[in-house]
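The values are calculated or read from the model by the stated rules, or taken from the named source; none is laboratory data. Here the structure is a predicted model, which is why all the values come from computation and not from measurement. Glycine gets a Cβ as well: all are built from the backbone with ideal geometry, and neighbour counts include every protein chain shown.
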Amino acid sequence: MHRLRTCAARLRPLAASRTVQNYSHKQPAAPRTFQPIRCFTAPVAAEPFLSGTSSNYVEEMYFAWLENPKSVHKSWDVFFRNANAGAPPGMAYQSPPPLGMSLSGLASAQSLVSAQPNVEKLVEDHLAVQSLIRAYQIRGHHVAQLDPLGIMDADLDSFVPADIITSSDKLGFYGLDESDLDKVFRLPTTTFIGGSESALPLREIIRRLEMAYCQHIGVEFMFINDLEQCQWIREKFEKPGVMQFTLDEKRTLLARMVRATRFEEFLQRKWSSEKRFGLEGCESLIPALKTIIDRSSANGVDNVIMGMPHRGRLNVLANVIRKELEQIFCQFDSKLEAADEGSGDVKYHLGMYHRRINRVTERDITLSLMANPSHLEAVDPVVQGKTKAEQFYCGDTDGKKVMSILLHGDAAFAGQGIVYETFHLSDLPSYTTHGTVHVVVNNQIGFTTDPRMARSSPYPTDVARVVNAPIFHVNADDPEAVMYVCNVAAEWRATFHKDVVVDLVGYRRNGHNEMDEPMFTQPLMYKQIKKQKPVLQKYAERLTSEGAVTQQEYEEEISKYDKICEEAYERSKDEKIMHIKHWLDSPWPGFFTLDGQPKSMSCPHTGLSEEDLTHIGEVASSVPVEDFTVHGGLKRILKSRADMIKSRTVDWALGEYMAFGSLLKEGINVRLSGQDVERGTFSHRHHVLHDQNVDKRTCIPMNHLWPNQAPYTVCNSSLSEYGVLGFELGFAMASPNALVLWEAQFGDFNNTAQGIIDQFISPGQAKWVRQNGIVLLLPHGMEGMGPEHSSARPERFLQMCNDDSDMFPKITDDFAVRQLYDCNWIVVNCSTPANYFHVLRRQILQPFRKPLIIFTPKSLLRHPEAKSSFNDMNSGEPHDLHHRQQGCEDYELNRERTARGMEADVAIARIEVFCACCLHLVKAEVERFPNAELVWCQEEHKNQGYYDYVKPRIRTTINRERPVWYAGRDPAAAPATGNKHTHLQELKRFLDTTFNMEAFKGLS
């Protein structure tokens, strides 16, 4: 509320709507309904108010009266009714009734008694002052001095809100004038500007509001719908004298500014023609991050996981993570080669993991900076996933030990949708990391794009408002303001365990990279930047003028760090130091070795004993909780599972259940995430049972399998692919001893997460030597359900496989496992529950981790022939799996072959492991039929699916002695028809072609 006065003209609109508009010089926000703060039962009539009652008290009564007129004393009821009815402010007041007169008599009185002449002014002025205070709290950030250059408005608008006092003539907005400036006003409880004082002159009130909200810090928080949180922020910024620093703190801050600045200058001197995406213009980022980490460490955090774009990354590695400088410098030497494979990405994309002592708190702290590609903000959900995993593994249920810090660029923060998707996960039970500190390095420019052309919102940080995260804008050329804001941000996260944003408003001294010419597109900005005194110089001059440091001490600090850089530069020339192991952001100590020796390329049997299969099946078909009412339809499903266990067979859902359950027994955590995965999109899984009579009462039978089993997490995600897949990828990075699966609602939808697949999953090991065992379950199948619900686009995954179609592999004893190890990921299309079971178990039992892409079926989930016996699951080895290759079309082909009586004429060999293709088995199979025509049959269209991948590999296997024909659907732009009749026609034509040998002979 901005202007609440007792005059009828101002009360009427409020009474009519009972809402208050969020005034803004931009588009106004939606009205916010006020709730009564407290109920007033029996105050003393009006006299106490007339003699100086708090304006806040009156305002609270007014809102209480709006909600319920009976909640206030009758005299106040009459007062507010008269005002709303149109009585002039001075006439709305009625004195209490004489002794003996009932309150109802007062209410029915029609005459209005004139009040004392000063009553109207007293009421109006107190409420006006409260409205003024609230205006600064809401909109003060719009006039804060945030741009170090003094030429831009951080909110892209130079308009000054009408209710912000910039001159005495604007007092009229509140019905005040200069004569009121020296009057003393009682302060409401919704401000802390008075400190220990309860009243201040208006002049001092305005001055303190300007100091709190309109200097180098702009605070956005009044949209938060929690009173306690708003009061907490008010106290942090309004209380007089809060931004005070000790001499030691100032000297430490100066030393950090020296390191941040001289590091960039050193790189510029040594490698002036190299891209490094330096931090010049926003060097205060380094002390900002160190302040957040210091304060968080003091609050008990011992593990910080960070993600950031390329700008400033080398500086953060050097001065925040404290990576050895020589390891950074050697990356600039083009003559040095990595001592081990990897180093597939540029130096400003690489990550780091380091455990060290925090010298401020003297506590151990682990710092991780995640490797990430140039796809801005793509690393955000990955960081959150890894943070969640680290919290999970150490039992940190409240986020008090492990936290995340995300750095952003201003243009990307506003422009990339993944930012919203990541924020949207922040409070979801299975995804929350209990608060992230977001730091925006706001250069006020994109690559070359003016922010006025790059976003529609006032600030780049407005997306954070959707989760009620406070936003602290701060001028990056004021290091002490930056330090204070970062302390508050860390305290907020520790107190409320919610996200918070620090918008570090600075500039970019050079172009997008050091070779770029920014004057082409931003001539005025860069003319000013050339004149701009560096922040280190300004802060040093400030401290020397204060007597905090001497000029000699300042110069010695510079000399000391320059010497550190020079010595590291000399060490960087040693050819032996360049190892990719120094750039791992998620090391897995002990996983790759056994008794100090590298693990052998072998894999244990993936089979399971009949006893374990039976036990898991019995639990899967029961409700292991008493007094739990399940849905009637689910009872039939559970009974069907029990019947399958008795007959020693399993369907697809039960095969998955047994794979998961067996791994839990072996201490392997299993996490399944995605849209609707608890039940399963096709209502086949039902891993979470819901009590039909008690809201939110659920049961997960898989967590009742074994006494000391690992936990099973199954969680429906938000309606997101990009964000959630990135999150699960990050979760899988934290430990190799977990099976982490993401299931798409339909396989088609994986392309919404293409950035994660293309930049992290497919090339992750090649770029960053970072193995990952993430599993993608992608429902797939041409079943007449339309192009949006049919194809997971297997051709795209196969195109990114790194095997060579012209090379036949060398057959060795460990060939089967070695082939899997050499590929960048494993792509399969299983067609039996047993094969699916073995693939999932092998994913954990093999001595390495590779992403696993599984094209899962839809029609086979309930296909009467898609069953496997316990015998298929009792024993098995990875290489045996290839002997049982089956394809999704196998059931249709077998049926058609039988119907045509062609069992003696047609042999069907099935391939379902593609990347790491079993060419030696294909070769053996082909050699059994030396005179046969070779036909590749698939349900996908010819230009899609597997044909273009398998054809050259089969040809290589047979030395190109025979052609490989195609049988299937014709090329098409869309994956599948949505017309059932057309689908059946296509299927008939497809089968006719497959079994027409003459058609293929004619082609030859």
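Among the numbered conditions (1) assigned to a helix (DSSP H, G or I); (2) at pLDDT below 95, the only one that Asp574 does not meet is (1). Out of Asp177, Asp163, one residue alone is acidic (Asp, Glu), over 33 Å from the mean Cα position of the chain (by Cα), buried (at least 18 other Cβ atoms within 10 Å of the Cβ) and not assigned by TED's automatic domain parsing to the domain that holds Ile529. It is Asp163.
In the range 508-531, is there at least one residue being in contact with a Pro (Cβ under 9 Å, 6 or more places away or on another chain) and under 19 Å from Pro287 (Cα atoms)?
Yes; the residues of the range 508-531 include at least one that is in contact with a Pro (Cβ under 9 Å, 6 or more places away or on another chain) and under 19 Å from Pro287 (Cα atoms).
Scanning the range 521-543 for residues that are modelled with pLDDT under 95 and in contact with a Ser or Thr (Cβ under 7 Å, 6 or more places away or on another chain) yields one hit, Thr521.
Listed by position, the helices (runs of 4 or more DSSP H) contained in the range 378-489 that have at least 2 residues being of a type in the set (Lys, Arg) and touching a residue at least 40 places away in the same chain (Cβ under 8 Å) are 379-393. Inside the range 708-753, residues that are touching a Lys or Arg at 6+ places or on another chain (Cβ under 7 Å), polar (S, T, N, Q) and assigned to a strand (DSSP E or B) make up a count of 1. Residues in the range 670-701 that are within 23 Å of Val650 (Cβ to Cβ), in contact with a Ser or Thr (Cβ under 8 Å, 6 or more places away or on another chain) and buried (at least 17 other Cβ atoms within 10 Å of the Cβ): Val670, Arg671, Leu672, Gly674, Val677, Leu689, Pro701. Cβ separations smaller than 9 Å between residues 6+ apart or across chains give the following pairs from the range 849-870 residues that are without any contact (Cβ under 8 Å) to a residue 60 or more places away in the chain to residues that are in a helix (DSSP H, G or I): His863/Trp652; His863/Tyr891; Glu865/Tyr891; Glu865/Asn894; Glu865/Arg895.
In the range 199-216, the condition of being assigned to a loop (DSSP other than H, G, I, E, B) and touching an Asp or Glu at 6+ places or on another chain (Cβ under 7 Å) is met by at least one residue. Applying a threshold of 6 Å to beta carbon distances and a minimum spacing of six or more residues, or different chains, the list of pairs starting in the range 977-1002 at a residue that is charged (D, E, K, R) and ending at one that is modelled with pLDDT under 80 reads Lys980/Gly784.
When the range 377-401 is filtered for residues that are surrounded by 22 or more Cβ atoms within 10 Å (Cβ to Cβ) and farther than 18 Å from Ser297 by Cβ, the ones remaining, listed by number, are Glu377, Ala378, Val379, Asp380, Pro381, Val382, Val383, Gln384, Gly385, Lys386, Lys388, Ala389.
Take Ile217 and tell me if it is among the aliphatic types (A, V, I, L, M) and surrounded by 23 or more Cβ atoms within 10 Å (Cβ to Cβ). In short, yes.
Per-residue answers, yes or no, for (1) modelled with pLDDT under 90; (2) over 30 Å from Ala476 (Cα atoms); (3) among the hydrophobic types (A, V, I, L, M, F, W, C):
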residue	(1), (2), (3)
Leu132	no, no, yes
His142	no, no, no
Leu156	no, no, yes
Phe173	no, yes, yes
Phe192	no, no, yes
Gly195	no, no, no
Pro201	no, yes, no
Arg208	no, no, no
Met211	no, no, yes
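Among all residues of the range 628-638, there is at least one that is surrounded by 16 or more Cβ atoms within 10 Å (Cβ to Cβ) and more than 15 Å from Arg685 (Cα to Cα). Specify the residue that is surrounded by the most Cβ atoms within 10 Å (Cβ to Cβ); the eligible residues are those in the range 702-717 that are modelled with pLDDT of 95 or more and among the polar types (S, T, N, Q). Among those that are modelled with pLDDT of 95 or more and among the polar types (S, T, N, Q), it is Ser717. Within the range 654-691, being hydrophobic (A, V, I, L, M, F, W, C) and in a helix (DSSP H, G or I) holds for Leu654, Met658, Ala659, Phe660, Leu663, Leu664.
For the range 581-591, how many residues meet the condition of being surrounded by 13 or more Cβ atoms within 10 Å (Cβ to Cβ) and either at pLDDT 85 or above or part of a helix (DSSP H, G or I) (or both)? So the answer is 4. Taking the range 500-536 as the range and being surrounded by 13 or more Cβ atoms within 10 Å (Cβ to Cβ), out of contact with any helix residue (DSSP H, G or I) (no Cβ under 8 Å at 6 or more places or on another chain) and over 22 Å from Met453 (Cβ atoms) as the test, only Gln532 passes. Screening the candidates Val437, Val467 for the property of being in contact with a Lys or Arg (Cβ under 8 Å, 6 or more places away or on another chain) and surrounded by fewer than 19 Cβ atoms within 10 Å (Cβ to Cβ) yields one hit, Val467. Listed conditions (1) in the same structural domain as Ile774 (by TED's automatic domain parsing); (2) at negative phi are all met by Asp676, apart from (2).
Within the range 957-973, count every residue that is in contact (Cβ under 8 Å) with a residue 24 or more places away in the chain, in a loop (DSSP other than H, G, I, E, B) and under 45 Å from the mean Cα position of the chain (by Cα).
Selection size over the range 957-973: 3.
For residues that are part of a helix (DSSP H, G or I) and within 19 Å of Leu672 (Cβ to Cβ), tally how many sit in the range 616-653. Residues flagged as part of a helix (DSSP H, G or I) and within 19 Å of Leu672 (Cβ to Cβ) within the range 616-653 amount to 9. The residue of the range 918-951 that is surrounded by the most Cβ atoms within 10 Å (Cβ to Cβ), among those that are in contact with a Ser or Thr (Cβ under 9 Å, 6 or more places away or on another chain) and more than 14 Å from Glu795 (Cα to Cα), is Leu919.
Only residues that are outside any helix (DSSP H, G or I) and more than 20 Å from Gln391 (Cα to Cα) were counted in the range 754-780, giving 11.
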